[in-house]
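The next block holds one structure in the form of structure tokens; read it before the comments.
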Amino acid sequence: MSEQVKLAMVGCGGIAGAHVTAYEKLIKAGYDKVNIVAVCDTNEKNAKAMAERLAESVGVRPNAYATVEEMLKAETLDGADICTPHAFHHTAAIPCLRKGVNVMVEKPVGITVRATKKMMKAAEKSGAMIAVAEQIRRCLGARAIEWAINEKNMMGTPRFFVMEVFSKTPYNWKEYRMAWRGVKLLGGGFQIFDGGVHFCDMMLHVFGPVEEVVCDMRCFDGPEVKAPVLGKARIDTEHSWLATLRFESGLVGHWNWSCQGYGHEVSNGVYYGDKGSFKDRQKWMHAFQFGADFKAKSGKETSYETIQQRYLKQLGKRKREQVFPYGFDDGITNECWDFVEAIAEGRAPEVDAAAGLRAKSLSIALYESATAGKPIKVADVESGKVRAYQRPIDEYWGI
Ligand SMILES: NC(=O)c1ccc[n+]([C@@H]2O[C@H](COP(=O)([O-])OP(=O)(O)OC[C@H]3O[C@@H](n4cnc5c(N)ncnc54)[C@H](O)[C@@H]3O)[C@@H](O)[C@H]2O)c1
């Protein structure tokens with residue numbers, strides 16, 4: 001490896017912009033290990049705009065490419081930050097991994113369990129690493145609440161929770177970024193794979209393995225759209241779901257969502273244990289991103305501000321610099337820094353492919369349960385035994 005980590009941005013749409021903001025913030029703060037030398041997007045306009053932006057912000061214009069294959073032929077890279085639609089995570093990652101290029105892949109890793117395992121196999125073969133761009137658990141709020149639950153045992157033994165968001169959200173399915181999200185063959189699923197994978201990762205990270213899920217799912221009024229690559233297609237991913245998650249520990253949770261909850265809006269996340277409960281501050285499925293307030297069995301309340309203060313105090317200077325590099329306490333800057341550091345130091349990333357696969361398997365278990373009309377063991381999804389929902393996706397893309 002050269003002195004600096006040579007990176008490529010693959011997929012230069014919405015979230016890639018947020019990743020680039022993170023690299024820019026790090027570089028401006030004096031971090032000198034990263035150099036973005038290439039950008040790649042099948043949409044030439046997006047690739048060029050990203051190259052232009054970087055030329056202005058950090059003074060180095062990356063070379064722009066339309067395909068990963070062209071890029072890999074021309075460049076010597078240490079890493080690729082992959083931010084494509086879900087159907088193109090594995091098609092972008094595998095050629096990189098085969099060439100020994102480390103990748104950070106946006107959640108939810110591969111579009112299916114099989115796609116994810118194919119990526120993992122390619123990494124195993126070449127020795128390259130897969131990091132997962134899972135930012136929520138790295139945010140200050142999430143780190144502090146995970147500490148309060150698992151280190152400080154504030155809520156005692158977790159017993160049950162509810163996380164539900166019902167709203168009327170008029171998505172514009174004609175936009176490129178929505179069309180691929182709404183079509184199963186391209187997105188793999190909709191909101192469970194969007195905000196939902198973050199929730200799955202946090203639940204596993206904080207509360208441990210989920211044994212079984214049962215889920216009911218509906219897609220109301222899916223319109224026809226012009227979908228990327230496929231052409232005419234119908235929006236066929238979930239508009240609503242109602243699910244129960246049964247954890248190995250005995251914890252049970254209800255997780256419900258709809259973008260067609262007309263009239264009354266609901267947004268609620270409360271986690272109960274035998275000593276009290278945490279009420280999530282945020283209004284979405286990014287569990288604990290902005291912290292949570294605690295109320296004990298006795299009625300005594302502890303605000304998130306107090307919990308955050310205690311968490312930071314016990315961290316100590318060295319650990320604090322490690323988990324919030326350069327003082328940045330947002331998850332995306334953290335994950336981008338961690339990816340570059342992992343490459344530079346030859347170490348594992350904080351969130352690796354195995355963690356990504358676990359969150360992926362839990363999220364996809366909801367679709368499998370809705371397809372089968374019965375409870376599904378998450379381990380059977382992770383092993384590949386249950387895949388009726390995923391089979392058409394695997395078959396279509398030859399996975
Ligand atoms: N972590 C988060 O909070 C978060 C938020 C939003 C999106 N995401 C994830 O980021 C990824 C991208 O989402 P987005 O919102 O940026 O989508 P987007 O539609 O805004 O951007 C995707 C980009 O990828 C390009 N692209 C498509 N196929 C390609 C290919 N084969 N090779 C190279 N480029 C290709 C498109 O032209 C587009 O510019 C998804 O995995 C999504 O789940 C994560």
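Points 7 angstrom from Cα along the Cβ direction at ASP380 and PHE220: gap in nanometres?
3.1
Give the relative contact order (percent, whole number) for the stretch 137-325; include only Cα pairs under 8 Å separated by 6+ residues.
Numbers: 366 pairs, mean separation 59.3, N = 189.
Answer for the stretch 137-325 is 31 percent.
What lysines sit close enough to LYS174 to cross-link, taking a C-alpha to C-alpha distance under 16 Å and skipping anything fewer than 8 places away on the same chain?
LYS184, LYS226, LYS232
Which entries of LYS118/LYS360; LYS152/LYS313; LYS45/LYS99 have Cα-Cα distances beyond 24 Å here? Present the calculation step by step, with values, prior to reporting the outcome.
On the way: LYS118/LYS360 14 Å; LYS152/LYS313 14 Å; LYS45/LYS99 27 Å.
Result: LYS45/LYS99 exceed 24 Å.
So what is the relative contact order of the chain, in percent, for Cα pairs below 8 Å that sit 6 or more residues apart?
20
How would PHE290, PHE199 line up from fewest to most surrounding beta-carbon atoms within 10 angstrom?
On the way: PHE290 16, PHE199 26.
The most exposed by this proxy come first: PHE290, PHE199.
For LYS374, which aspartates and glutamates qualify as cross-link partners when the Cα separation must be under 13 Å and same-chain residues fewer than eight apart are set aside?
Cross-link targets: GLU212, ASP216.
Can you give the FRET efficiency to the nearest 0.05 for GLU70 and LYS45, using r as the Cβ-Cβ distance and R₀ = 22 Å? Walk me through the numbers on the way to the answer.
Numbers: r = 17 Å, r/R0 = 0.76.
E(calc), rounded to 0.05, equals 0.85.
Work out, step by step, the length gained on full extension between ALA29 and VAL162: first 0.36 nm times the residue separation, then minus their alpha carbon distance; give nm to one decimal.
Numbers: separation 133, 0.36 × 133 = 47.88 nm, distance 3.98 nm.
Gain in length upon complete extension: 43.9 nm.
If each of ALA348 and LYS125 carries a label point 7 Å out from its Cα toward its Cβ, how far apart are those two points in nm?
Label at ALA348, label at LYS125, 2.3 nm between them.
Of all DSSP beta bridges located in the chain, what percent are antiparallel, nearest 5? Provide the component values of the computation, followed by the final result.
Numbers: 41 of 69 bridges.
Taking every DSSP beta bridge with both residues in the chain, the antiparallel ones total about 60 percent.
Which percent, to the nearest 5, of DSSP beta bridges fully inside the stretch 137-325 are antiparallel? Mind showing how you got there, number by number?
Working: 38 of 45 bridges.
Just about 85 percent of them are antiparallel.
What translational D, rounded to a whole number of µm²/s, comes out for the chain from Stokes-Einstein when the hydrodynamic radius is the Kirkwood one over Cα pairs, at 20 °C and 1.002 mPa s? Write down the numbers at each step before the final one.
Details: Rh = 21.7 Å.
Value of D from the Cα-based Kirkwood radius: 99 µm²/s.
Please work out the C-alpha center-to-center distance from the stretch 1-45 to the stretch 345-399 and express it in whole Å.
29
At ARG281 and LYS297, where each label point lies 7 Å from the Cα along Cα→Cβ, what is the point-to-point distance in nanometres?
2.7
Multiplying the sequence separation of ARG98 and VAL229 by 0.36 nm and subtracting their Cα-Cα distance, what value in nm do you get? Before the final figure, lay out each step's value.
Working: separation 131, 0.36 × 131 = 47.16 nm, distance 2.47 nm.
Once the chain is fully extended between ARG98 and VAL229, it gains 44.7 nm.
How do the peptides 12-25, 332-345, 130-143, 315-328 rank, highest first, by the average count of neighbouring beta carbon atoms within 10 Å per residue?
Working: 12-25: 19.2, 332-345: 22.2, 130-143: 24.9, 315-328: 13.3.
Top of the packing list down: 130-143, 332-345, 12-25, 315-328.
At a Förster radius of 45 Å, what calculated FRET efficiency corresponds to the Cβ-Cβ distance of TYR262 and GLU305, to the nearest 0.05?
Details: r = 36 Å, r/R0 = 0.79.
That pair, TYR262 with GLU305, gives E of 0.80.
Going by Cα centres, the stretch 125-189 and the stretch 71-109 are how many Å apart?
Cα centroid of the stretch 125-189 versus Cα centroid of the stretch 71-109: 21 Å apart.
What ³J(HN,Hα) values, in whole Hz, does the Karplus curve 6.51 cos²θ - 1.76 cosθ + 1.60 give for the stretch 49-64 when θ = phi - 60°, with x put for Gly and Pro?
So the J values, rounded to whole Hz, are 5, 5, 4, 4, 4, 5, 4, 6, 7, 10, x, 10, 8, x, 6, 9.
As a test of the formula, what do you get for the chain when each DSSP H run with n ≥ 4 contributes -39,500 (n - 2.57) and the sum is divided by the residue count, at 222 nm and rounded to the nearest 500 deg cm²/dmol? Please report the intermediate quantities before stating the final value.
Details: 15 runs with 163 residues, N = 399.
Value at 222 nm, helices only, nearest 500: -12500 deg cm²/dmol.
Step by step: find N for the stretch 137-325, compute 2.2 N^0.38 Å, then divide the Cα radius of gyration by it. What's the final number? Before the final figure, lay out the partial values.
Working: Rg = 18.7 Å, N = 189, 2.2 N^0.38 = 16.1 Å.
Relative to the 2.2 N^0.38 Å estimate, the stretch 137-325 comes out at 1.16.
For the pairs LYS25/LYS283; LYS168/LYS377; LYS6/LYS33, note any where the Cα-Cα span goes beyond 20 Å. Show your work: numbers first, answer last.
Numbers: LYS25/LYS283 27 Å; LYS168/LYS377 32 Å; LYS6/LYS33 9 Å.
From the list (LYS25/LYS283; LYS168/LYS377; LYS6/LYS33), the Cα-Cα distance tops 20 Å for LYS25/LYS283; LYS168/LYS377.
All of the numbers you see were taken from the coordinates with simple rules; none came from a lab. Computed from a predicted structure; not experimentally measured. Neighbour counts run over all protein chains shown; Cβ positions are idealised from the backbone, glycine included.
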